[in-house]
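Below: the structure, in structure tokens.
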Amino acid sequence: MLSIFEDRVNRVTGYKSLHGFALGLIGIFIPIFIAQQGFSASVVFSFLLVDVAVFTVVALPVGWLVSKAGVRASLLSSSLLYILVFILLQTVSLNLTVIYSVGILIGLAKVFHWIPVNTEFTAGSEEEDRGRNYGKLEGIPKIVSPFAPLMGALIMTELGFSFLGVFSLLFAVGSVIPLLFGDGTENPDFQIENNFDLGNMDLWVLYYLDGFATTAYVFIFPLFIYFVIGGTVNVGSVKTLMGIGAGIFSLTIGSLSDRVEQKNLLLVGAIASGLIYLTVPSLNNIILAFGLSFIAGLTYTVYTVPLISIVADIADGKNLLGFYSTREVFQGFGKISVVSLTVYMISNYSRSLAFESTFYLAAVSVTALAITSRKVDKRRHS
């Protein structure tokens, strides 16, 4: 059975499934835990800002380190950094220094995860099957772990954050098992090439917009639910419904995107996601939030699967490690922008105005992303 991990895409998918389950259990509840210890919303979002800023700053150095240490060692480093986060949260009393130190560690863990995952996925998949393979890479983890956030919320509510940390730790350790099998791009070359030439500005804009919109979806929306509607279990339920919606469509959209115009699928999903962002600030009912969360998971998948497939096709034939390290930098600028906006508006105006500004601009970003992607798609076929 474990021989399935001899295949590179399957190996990355297996790792990502277990890794994702561990983070699904506890990820969104770390900022909630900080809030429950009496820290303000401004501190919670500043913690997220540290996370995304570190991710952005170290992306290129980490790309170089991946070329020296190898893909598997880098993914193992990501799991070990998360294990360190879990241990730190269990053993040290929270203060601002600890909170921001955890943010630094999580930012490092994420970049050691995403750069090698994207590099290995593109190296191990063929262009004609890339949409299906990316659907597998995204869909299987979401099928395996859609109930992880709800489970995490229930564990945190009934047994406490410490027990949740230990439980998550087990899956973080288990995520390294698939990495022990098969051959792969162990020491890929790292070259920046012409990634920072002005001729690539359309790609920079695409990555920036993706980082902005995705961060609003993955982090700020669940925290909006916590601060506006309330309830740890409600947050877990919302994240679970987002995951179920995304999981249902990931495998289907992945196969479909190999057979139809990916830019058209992307446009439909992005416009639908933009409409959802416009609706979020008016939510004040958890039942409506549940329904919107499920639909958001569907629409997010409809545009992200073809988007990543388009980007992977452009990356094919280039220095993959340098390409994806550069992408993380510009994606990171988008993440920094949206979280900085939220922190600024909360600190200087109000929480409600902060969320309104964030989601309205996220709607603009995801719509602009669809337009930019059509220009980028021409580059793929040139």
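The values are calculated or read from the model by the stated rules, or taken from the named source; none is laboratory data. Since the structure is predicted, the reported quantities are computational estimates derived from the model, not experimental observations. Glycine also receives a Cβ, built like all others from the backbone with ideal geometry; neighbour counts cover every protein chain displayed.
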**Study point:** Residue under evaluation GLY199, criteria (1) surrounded by fewer than 17 Cβ atoms within 10 Å (Cβ to Cβ); (2) in contact (Cβ under 8 Å) with a residue 40 or more places away in the chain, criterion not met
**Key:** (2)
Point to revise | Test: LEU275 is more than 30 Å from VAL71 (Cα to Cα) and among the aliphatic types (A, V, I, L, M) | key: yes
Review point. Looking at the range 250-272, is at least one residue within 30 Å of GLY231 (Cβ to Cβ), at pLDDT 95 or above and crowded, with 19+ Cβ neighbours inside 10 Å?
Key: no
Review point. Regarding LEU150, is this residue modelled with pLDDT of 85 or more, surrounded by fewer than 18 Cβ atoms within 10 Å (Cβ to Cβ), aliphatic (A, V, I, L, M) and assigned to a helix (DSSP H, G or I)?
Key: no
Revision key, fill the gap. Over the range 259-270, the set of residues over 23 Å from PRO222 (Cβ atoms) and not in a loop (DSSP other than H, G, I, E, B) is GLN262, LYS263, ASN264, LEU265, LEU266, LEU267, VAL268
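Pick from LEU89, LEU105, LEU75: which is over 19 Å from LYS335 (Cα atoms) and either among the acidic types (Asp, Glu) or at pLDDT 85 or above (or both)? Break it down stepwise before answering.
Working: LEU105 fails: over 19 Å from LYS335 (Cα atoms); LEU75 fails: either among the acidic types (Asp, Glu) or at pLDDT 85 or above (or both).
None of the other options fit; the residue is LEU89.
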Review point. What number of residues within the range 369-382 are at pLDDT 90 or above and surrounded by 19 or more Cβ atoms within 10 Å (Cβ to Cβ)?
Key: 3
Point to revise | Pair list, Cβ under 7 Å, 6 or more apart: the range 204-227 residue within 20 Å of GLY24 (Cα to Cα), other residue charged (D, E, K, R) | key: GLY211/LYS335; THR215/LYS335; PRO222/LYS239; PHE227/ARG351
